[in-house]
Amino acid sequence: KELTSSIHKVCNGEQFEAMDEIHFHANLNLHPCERKLKVRTRENIRVCYLVYLLGERLSKDQREEWKEAILRQLDIETSYYKSKYKEPVSDFPSDSNRKFAKEMEKIFWLQVIFREILRHYHLYHSNFILPLFVTGWYLDR
């Protein structure tokens, strides 16, 4: 939940219409939810980049299935996604796209560093058992 919590802090009310963190997490993990995640006007490109980053955290088998489902849920066409998802890190991104990409880079790198610290701690302390975030194919494992 750490990753989606960090994303929620940055994207809630910005890329997505305002939503509490629990519903945000449920939507990103494709759980049934009474509130639907909605992309704000003019935020589709940044959301496509976020979908790309999140999808990269899943296995190849799960990635395409999750990506198709989340794009459908967000009302983003696959063809649009494929043509726009890398725009925030292109050669000439807009200032707002560049800023968003840098914010996401910080969130994702901190998550990787935290995970490596836990992994190394576990390797050196074999009796130490820590459930890493959530089970299943959630984005926060």
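The values are calculated or read from the model by the stated rules, or taken from the named source; none is laboratory data. Everything quoted here is computed from the prediction, not taken from an experiment. Note that each Cβ is placed from the backbone with ideal geometry, even for glycine, and that neighbours are counted across all protein chains shown. We work out accessible area using only protein heavy atoms, side chains counted, and drop any ligands, DNA or RNA first. Shrake-Rupley method; radii C 1.70, N 1.55, O 1.52, S 1.80 Å.
Odds and ends about this structure:
- The stretch 52-79 versus the stretch 20-37: alpha-carbon centroid distance in Å: 15 Å
- Annotation: per residue accessible area for the stretch 1-108 equals 57 Å², rounded to a whole number [probe 1.4 Å, protein chains only].
- FRET efficiency, SER83 to LYS38 (Cβ-Cβ, R0 22 Å, nearest 0.05): 0.55
- Here the 3J(HN,Hα) profile of the stretch 15-26, calculated from phi with Karplus coefficients 6.51, -1.76 and 1.60 at θ = phi - 60°, is 7, 10, 4, 4, 7, 5, 5, 4, 5, 4, 4, 4 Hz, Gly and Pro shown as x.
- Here the accessible area of the stretch 29-94 is 43 percent carbon and sulfur, with a 1.4 angstrom probe and all protein chains present.
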